[in-house]
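Input: a single structure, listed below in structure tokens.
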Amino acid sequence: MNSEPLLADIRTVAVYSCATPQHALGYLRLWGPLTGLGLQVNWHLPGDEFAARQIESADVVIVQRDFPRFTARFAQILQAAAAAHRPVIYDIDDLLWELPANHPDRRSHFYTTALWPMLLAALAADAVTVASPGLQEYLQPLNPSVFLLPNLIDLRLWEQGSVRTPDTDMTWFGYIGGSSHGPDLQMIAPVLQALLNEHPGKVGLKFWGIEPPPDMAGHPQVRWTPLAPGDYAAFARLVTPADFDIAIAPLASNRFNAAKSAIKYLEYSALGLPGVYSRVGSYADVVVHRRTGWLAETLDDWRSGLEHLMEFPAERQAMAAQARTDLRTRWLMQDHQSIWLSAYQQVKHAYMPREATRQLAEILISIQAAQEEKQAAEERLGQELQLLVSELDEIKSSRGGQLLQAYWNLRGRLNKS
């Protein structure tokens with residue numbers, strides 16, 4: 001098939017996301033590659049007003065991550081897309097249905113109400129786009145069209161300094177990441193603590209974003225730089241001067257992490273840093289052990305890897321250089337963003353209106369109506385309860401209520417005597 005006519009098929013994309021285009025989720029998954037292709041991207045947040053023309057003016061519609069938790073809005077999107085014959089693509093970057101029990105988002109129940117609508121989105125969408133092979137494998141039984149669109153690095157956001165020259169007097173290990181990785185970091189905390197204790201004045205730890213584990217927070221050779229989330233370009237500028245020697249990227253072995261992308265490897269490589277990575281998920285597929293990074297599976301692996309790179313600075317410098325070459329060869333957004341366009345073209349040209357989509361929209365509307373009815377009933381019950389409490393307080397404060405209370409107090413004293 002001649003590809004030239006297809007290139008004109010996708011000009012405008014409508015995106016519905018809980019994240020802004022500047023957020024890491026929005027930028028890496030959609031905004032960066034799509035605007036880099038010259039597409040018009042109309043971005044809509046949950047609080048924005050909805051109109052069917054948003055769908056009608058787009059060639060494809062993308063619903064991202066946990067946006068389907070807004071079931072009424074999601075139903076409107078499905079109905080408008082079906083009416084306008086526009087394909088709906090569901091994009092997700094994490095296996096949120098398999099959050100481990102100790103994950104902060106699982107403990108806070110942040111995604112609890114979103115999981116079922118997200119599953120419906122994966123089932124109802126004309127296609128699903130994901131960030132990792134593990135996530136692709138998980139979702140393929142739910143949807144026949146699952147496209148792998150890996151996270152890539154936009155070097156326009158990252159200042160390309162030289163690979164760090166080793167300092168033989170002091171070795172700094174560093175971690176850059178958010179608080180959701182607390183359990184992963186805690187997993188290797190005994191190794192980090194041992195290195196601090198056994199190499200006083202020779203080893204230090206630097207944490208960017210997440211706070212150090214409690215046992216290390218007061219250590220004189222531990223540093224912490226807080227990072228404000230929200231703007232990925234600002235994040236890249238802030239961490240570019242990350243002055244440490246060896247980066248760490250621990251991931252506990254579980255189904256959630258097995259579906260993680262290798263974005264941290266890409267970011268560390270962009271910074272010119274060698275890294276030690278858990279042999280989990282995309283790290284195991286992307287990192288070449290002892291060439292572009294060090295893969296660790298057990299705590300002994302972690303210890304030997306960190307100590308080896310600490311002892312042989314020339315080797316870690318060569319590792320960082322090879323990782324940088326790998327980054328430029330395989331993982332630059334500007335070189336590979338066309339796979340987004342290719343995926344969207346395939347979805348559009350294979351599009352067939354589906355009765356199931358309309359039925360799902362009706363189900364979602366009924367769910368939303370039931371939730372609103374339940375909330376209204378709870379509010380009425382609360383108002384009635386408050387009224388009863390007010391009436392009881394009024395009775396207690398009346399003359400008759402005071403006499404009755406005095407009677408019961410007197411009776412209680414007589415019974416005790």
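The values are calculated or read from the model by the stated rules, or taken from the named source; none is laboratory data. What you are looking at is a predicted structure, and each value in this text was computed from that prediction instead of being measured. Every residue, glycine among them, receives a Cβ derived from its backbone with ideal geometry; neighbour counts consider all protein chains shown.
Looking for whichever is in contact (Cβ under 8 Å) with a residue 40 or more places away in the chain, buried (at least 22 other Cβ atoms within 10 Å of the Cβ) and of a type in the set (K, R) here; the options are R11, R73, R65, R69. Which one fits?
The match here is R65.
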Q: For the range 76-94, state whether one or more residues are within 25 Å of Q22 (Cα to Cα) and small (G, A, S).
A: no
Q) Do you know which residues across the range 213-233 are in contact (Cβ under 8 Å) with a residue 24 or more places away in the chain and outside any loop (DSSP other than H, G, I, E, B)? A) D215, M216, V222, Y232, A233
Q) Within the set of pairs 6+ apart or on separate chains, which have a first residue in the range 148-176 that is under 25 Å from S278 (Cβ atoms), a second that is surrounded by 11 or more Cβ atoms within 10 Å (Cβ to Cβ) and modelled with pLDDT under 80, and C-beta atoms under 9 Å apart? A) G174/A242; I176/A242
Q) Listed residues D215, D154; which is modelled with pLDDT under 90 and either surrounded by 18 or more Cβ atoms within 10 Å (Cβ to Cβ) or not assigned by TED's automatic domain parsing to the domain that holds Q76 (or both)? A) D215
Q: Report those helices (runs of 4 or more DSSP H) wholly inside the range 50-108 carrying at least 1 residues which are closer than 20 Å to P353 by Cα and under 21 Å from the mean Cα position of the chain (by Cα).
A: 71-84
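Using the structure shown, decide if D91 is among the acidic types (D, E), out of contact with any Pro (no Cβ under 6 Å at 6 or more places or on another chain) and closer than 21 Å to L332 by Cα. Before the answer, list the steps.
On the way: among the acidic types (D, E): yes; out of contact with any Pro (no Cβ under 6 Å at 6 or more places or on another chain): yes; closer than 21 Å to L332 by Cα: yes.
Here the answer is yes, as D91 does meet what is asked.
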Q) Could you list, in sequence order, the residues of the range 329-346 that are within 23 Å of the chain's Cα centre (by Cα), under 18 Å from V88 (Cβ atoms) and not aliphatic (A, V, I, L, M)? A) W340, Y344
Q: Please specify each residue of the range 184-212 satisfying the condition of being part of a loop (DSSP other than H, G, I, E, B) and either at pLDDT 95 or above or under 17 Å from Y268 (Cβ atoms) (or both).
A: I188, I210
**Q.** Filter result (touching a strand residue (DSSP E or B) at 6+ places or on another chain (Cβ under 8 Å) and at pLDDT 75 or above) within the range 347-384
**A.** V347, K348
Q. Can you find a residue in the range 32-50 that is crowded, with 22+ Cβ neighbours inside 10 Å and touching a Pro at 6+ places or on another chain (Cβ under 7 Å)?
A. no
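Matching residues to (1) within 25 Å of the chain's Cα centre (by Cα); (2) in contact (Cβ under 8 Å) with a residue 24 or more places away in the chain:
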residue: E267; (1), (2): yes, yes
residue: G275; (1), (2): yes, yes
residue: S278; (1), (2): yes, yes
residue: S282; (1), (2): yes, yes
residue: R290; (1), (2): no, yes
residue: G293; (1), (2): yes, yes
residue: D300; (1), (2): no, no
residue: R303; (1), (2): no, yes
residue: L309; (1), (2): no, yes
Q. Of everything in the range 197-212 that's touching a helix residue (DSSP H, G or I) at 6+ places or on another chain (Cβ under 7 Å) and without any contact (Cβ under 8 Å) to a residue 40 or more places away in the chain, which residue is surrounded by the most Cβ atoms within 10 Å (Cβ to Cβ)?
A. L205
Q. Which is part of a helix (DSSP H, G or I) and among the polar types (S, T, N, Q), of T129, T113?
A. T113
**Q.** W43 vs. criteria outside any strand (DSSP E or B), at pLDDT 95 or above and aromatic (F, W, Y)
**A.** no
